[in-house]
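Colleague: Quick one: the structure is below, and I'll ask about it shortly.
A short reminder: the numbers here are calculations on the coordinates, not readings from a lab. Here the structure is a predicted model, which means the values were calculated and not measured. Backbone-built Cβ (ideal geometry, glycine too); neighbour counts: all protein chains shown.
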Amino acid sequence: MSGGTWIGLDRGDADVAAAEHLAAEIIGTFGLAVSAACTHLVGAPRGHVAVSLALDGGLAVDQAAALLAGAASLGVAVSVDGDRLAFGGPGEFIDGALEAAAAHHDGTSGRAFRYLGEAAARGRVRVDDLLARSAIDRVEGLAGSVDGATEIETRDHVRPAYRDGLLTLLTTPRADGSVQPFESPTPHECSGGH
């Protein structure tokens, strides 16, 4: 991906919901026009969730300055067309912010919870229609191929992820011949509390 601005944000969130909430706060506070927002598992050896934002247009100098000035409790990285423009915040979170921004830019990882055409991913839709009306590039099935005429029961929860530079929705088969997104809208905690 090229010709854009990406922001990585990391405050060491242990779960996806907290990271998504952080992204919503930053987007609203700074009035950012976002074309995609993704979560990323980052930070070896202690994994946690960081966020990346792809901006539709760019980032004004005053927005960048304010964002970096407010980086006291989170790592912030701003990348323009893959080049690191600025970064700041606590040292423990800068690497995660840089990693998230780079992965989103390169299309190597990132689970999209906001993306262009997200409204087309509601209800029951055909694969062809979803691909034509959203930023999702491809739909894959865990148990075989998914053709364009296949219907997706979205459960109003479609979270594609970047794989090989493409925003990809992974699906599982349903008894009626349709498919559904692999990620459940109501994940259950495992016995370990994760």
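Colleague: Within segment 59-80, is there a residue that is closer than 26 Å to residue 169 by Cα, crowded, with 19+ Cβ neighbours inside 10 Å and without any contact (Cβ under 8 Å) to a residue 40 or more places away in the chain?
Modeller: no
Colleague: Give segment 97-147 a look and list any residue that's of a type in the set (Gly, Ala, Ser), without any contact (Cβ under 8 Å) to a residue 40 or more places away in the chain and in contact with a Leu (Cβ under 9 Å, 6 or more places away or on another chain), or say none. Show your work before the answer.
Modeller: Residues of segment 97-147 of a type in the set (Gly, Ala, Ser): 97, 100-103, 107, 109-110, 112, 117, 119-121, 123, 132, 134-135, 141, 143-145.
Going one step further and asking which of them are without any contact (Cβ under 8 Å) to a residue 40 or more places away in the chain, we end up with 117, 119-121, 123, 132, 134, 141, 143-145.
Once the filter is applied, which keeps residues that are of a type in the set (Gly, Ala, Ser), without any contact (Cβ under 8 Å) to a residue 40 or more places away in the chain and in contact with a Leu (Cβ under 9 Å, 6 or more places away or on another chain), segment 97-147 yields 117, 120, 121, 134, 141.
Colleague: Oh, and also: Looking for something more than 30 Å from residue 22 (Cα to Cα), loosely packed, with under 12 Cβ neighbours inside 10 Å, among the aliphatic types (A, V, I, L, M) and in contact with a strand residue (DSSP E or B) (Cβ under 8 Å, 6 or more places away or on another chain) - is there at least one such residue anywhere in segment 126-134?
Modeller: no
Colleague: Just give me the residues in segment 33-52 being buried (at least 20 other Cβ atoms within 10 Å of the Cβ) and farther than 14 Å from residue 99 by Cβ, in sequence order. Break it down into steps so the answer makes sense when it comes.
Modeller: Of all residues in segment 33-52, those buried (at least 20 other Cβ atoms within 10 Å of the Cβ) come to 36-40, 42, 49-52.
Residues satisfying the conditions are 36, 37.
Colleague: I'd like to check which strands (runs of 3 or more DSSP E) are fully inside segment 95-193 and have at least 1 residues that are of a type in the set (Ser, Thr, Tyr). Don't jump to the end; show me each part of the working.
Modeller: Numbers: elements: 111-115, 124-126, 138-141, 151-153, 161-163, 166-173, 179-181.
Counting at least 1 such residues, we get 111-115, 161-163, 166-173.
Colleague: Is there a residue in segment 92-111 that is acidic (Asp, Glu) and either closer than 17 Å to residue 20 by Cβ or in contact with a Pro (Cβ under 6 Å, 6 or more places away or on another chain) (or both)?
Modeller: So the first thing to find is which residues in segment 92-111 are acidic (Asp, Glu), and the list is 92, 95, 99, 106.
In the following step, the residues that additionally are either closer than 17 Å to residue 20 by Cβ or in contact with a Pro (Cβ under 6 Å, 6 or more places away or on another chain) (or both) were identified as none.
Checked against the condition, which is being acidic (Asp, Glu) and either closer than 17 Å to residue 20 by Cβ or in contact with a Pro (Cβ under 6 Å, 6 or more places away or on another chain) (or both), segment 92-111 yields no hits at all.
Colleague: Which residues, counting only those in segment 11-32, are in a helix (DSSP H, G or I), surrounded by 19 or more Cβ atoms within 10 Å (Cβ to Cβ) and of a type in the set (Gly, Ala, Ser)?
Modeller: The answer is 19, 23.
Colleague: What tally of residues in segment 105-124 results from selecting those that are crowded, with 19+ Cβ neighbours inside 10 Å and of a type in the set (A, V, I, L, M, F, W, C)?
Modeller: 3
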